[in-house]
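Asks: The following block contains the structure, expressed as structure tokens.
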Amino acid sequence: MTIGFERCGAAVLCGGRGRRLGADKALCLVDGAGRRLLSRLAEELAGRFGEVVLVADDPGKLAPFAEFRPFARVADLRPGTGPAGAILTALTHLPGRPVFVLACDMPVIGWETAERLKELLEAAGAQAALPRHDGRLEPLHAFYGPGAAPVLARGLDEGRRAVRESLDRMKAVFLDCPAPEAAGLFSNLNTVEEARRAGFRVLDPAGPRRGSRF
């Protein structure tokens, strides 16, 4: 049975600086047709979720691009605190509903996994539902309920910047994913070579006239 996401929100986290990639992941990862990965992800999410937001350290960096204008562009409320602050921002902007969180450098959205996570979250009355594989958690391909916001905020106030450090202070449920499935589903693009293998190229941050890093 297909589970609807219309009453849920979705957020793409766009704050990664891409030090290993050498470029801003939100702007410089493009597919063979020249479409930014962030744009593809946002449009795919918008086809199923009631509202999609793009959380960025500096939303102004997205403003010049028409492809991002249909989406709310939200400034990170806790800049410099990593994904925990960005997730808190998403939950604050999309209150009172479950929010699916995705990193902007993860090219695959696992819809079956997302459906199962939402089902687990609601059935358990949990504050977070995360995939788990090989003993690892995937906090940036996960669902968070409204109740996760105060826990994350308190954790940041107390110096717990890693999402995992706040999970043991909230009711969290986990979906175990087989290793072969997880290998393709939860990959992210941290280097030029990883981008190339996934069918993407990396634009030169200096501008199109300088070519690309592909």
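Rule-based calculations on the coordinates, nothing more; no lab input. Note that the structure is a prediction, hence the values are computed from the model and not measured. Here the Cβ is made from the backbone with ideal geometry for all residues, glycine too, and neighbour counts use every protein chain on show.
Asks: Counting each pair of different Cα atoms once, what's the Kirkwood radius of the stretch 1-128 in Å, rounded to one decimal?
Replies: It works out to 15.0 Å.
Asks: Towards the positive end of the charge dipole of the chain, with charges on Cβ (+1 Lys, Arg; -1 Asp, Glu), say which of LEU41, VAL108, GLY82 has the farthest Cα.
Replies: So the residue we want is GLY82.
Asks: What's the longest piece of the chain with no exposed trypsin sites (Lys or Arg not before Pro), counting a site as exposed if DSSP puts it in a loop and it has at most 13 other beta carbons within 10 Å?
Replies: Longest site-free region, per DSSP loop and neighbour criteria: 21-214.
Asks: Provide, as a two-decimal number, the C-alpha radius of gyration of the chain over 2.2 N^0.38 Å, N being how many residues it has.
Replies: It is 0.98.
Asks: Now, a different point. Under the definition of Cα pairs under 8 Å and six or more residues apart, what whole-number percent is the relative contact order of the chain?
Replies: 23 percent
Asks: Amide H neighbours of ALA72 under 5 Å, counting only residues 5+ apart in sequence or on other chains, H built in-plane at 1.01 Å?
Replies: VAL52, LEU54
Asks: What is the local net charge at LEU37, summed over the other residues whose Cβ is closer than 9 Å to its Cβ (Lys, Arg +1; Asp, Glu -1)?
Replies: Combined, the nearby Lys, Arg, Asp and Glu give +2.
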